[in-house]
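K.L.:
Below are the structure tokens for one structure; questions will follow.
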Amino acid sequence: MPSNQGVFPVTNYREVAAHLTPPEREYLKDVAEQIAKEVPASPIAPLFVHIGVMHGGSLHCSRAGSPEGLIVGVDLNLKTLRGDPQAVLLQGNSTELGWHFETPIHFLLMDGAHDWPSIMLDIEAWARLVVPGGIMAFHDADYHQVIKAIEEWGAEGWEEMELNPPNTPHTALRIRAFRKSK
């Protein structure tokens, strides 16, 4: 992973096209801010990896929360990406790329293929890289295939995080997040 190259400009993460609700955007920005405080950016910036980026909205949210962080987006198709999220973009099969990736990850967002076998393969390939105390989050965690994969994975060695802020409808935050035990 390259050393920190400085602060990147931030696009308004609330306006970039994405399949994210406003509370999901805020969660992704807030968790990036939290990780940026926990992991000093010098000499190496915290690493955020997003599996499945579509329009890039989640990348912009992490960038808003961590202007100095290293953000990596992984997707089969990067042609729909909007704006400049100031991220390293890897195009290809997320599972195959995960097995070739070797850098420790501080935040991993799983939002790639939503079929159970693909989710399980991505968990196997990527979760091993999350540092102790790091976070792995699943978007669309209300979708039956994602629910099934999380249940089968079992989260052994991880603690589920409470995410829904008070007075927020449950359907507004379709993310389940887990912190890796230290």
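Read the figures in this text as sums done on the coordinates, not as results from a lab. Values in this document were obtained by computation on a predicted structure and should not be read as measured data. Backbone-built Cβ (ideal geometry, glycine too); neighbour counts: all protein chains shown.
K.L.:
Nothing charged except the Cβ atoms of Lys and Arg (+1) and of Asp and Glu (-1): what's the magnitude of the dipole of segment 22-180 about its Cα centre? Round to the nearest 20 debye.
P.N.:
Numbers: 12 positive and 22 negative charges, 78 e Å.
My answer is approximately 380 debye.
K.L.:
Next up: Testing the spin-label approximation: label points 7 Å from Cα along Cα→Cβ at H114 and E162. State their distance in nm.
P.N.:
According to this spin-label approximation, the distance is 2.8 nm.
K.L.:
Need one number for segment 103-182: average projected area of the convex hull over its C-alpha atoms, nm². Each step should come with its number before you reach the end.
P.N.:
On the way: hull surface 20.6 nm².
Mean projected area of the Cα convex hull: 5.2 nm².
K.L.:
Lysine pairs, Cα distance under 22 Å, 8 or more residues apart or cross-chain: how many in segment 22-180? Before the final figure, lay out the partial values.
P.N.:
Numbers: K29/K37; K29/K180; K37/K180; K148/K180.
Total qualifying Lys-Lys pairs in segment 22-180 comes to 4.
K.L.:
In addition: Which of rounded, prolate, oblate describes segment 14-88, given a ≥ b ≥ c as roots of the alpha-carbon gyration tensor eigenvalues and a/c under 1.5 marking rounded, otherwise prolate only if a/b is larger than b/c? The partial results should precede the final answer.
P.N.:
Numbers: a/c = 2.30, a/b = 1.41, b/c = 1.63.
Oblate, because a/c is 1.5 or more while a/b does not exceed b/c.
K.L.:
Please turn the phi angles of segment 98-110 into ³J(HN,Hα) values with the Karplus equation 6.51 cos²θ - 1.76 cosθ + 1.60 (θ = phi - 60°), one per residue in order, whole Hz, x for glycine and proline.
P.N.:
Taking θ as phi minus 60°, the curve returns x, 6, 9, 7, 10, 7, x, 10, 8, 9, 10, 9, 9 Hz for segment 98-110.
K.L.:
Also: Considering the alpha-carbon set of the chain alone, what are its Rg and its Dmax in angstrom?
P.N.:
Computed over the Cα atoms of the chain, radius of gyration and Dmax are 14.9, 42 Å.
K.L.:
In terms of Cα to Cα distance under 16 Å, which aspartates and glutamates are near enough to K182, apart from those fewer than 8 places away along the same chain?
P.N.:
E38, E156, E159, E160
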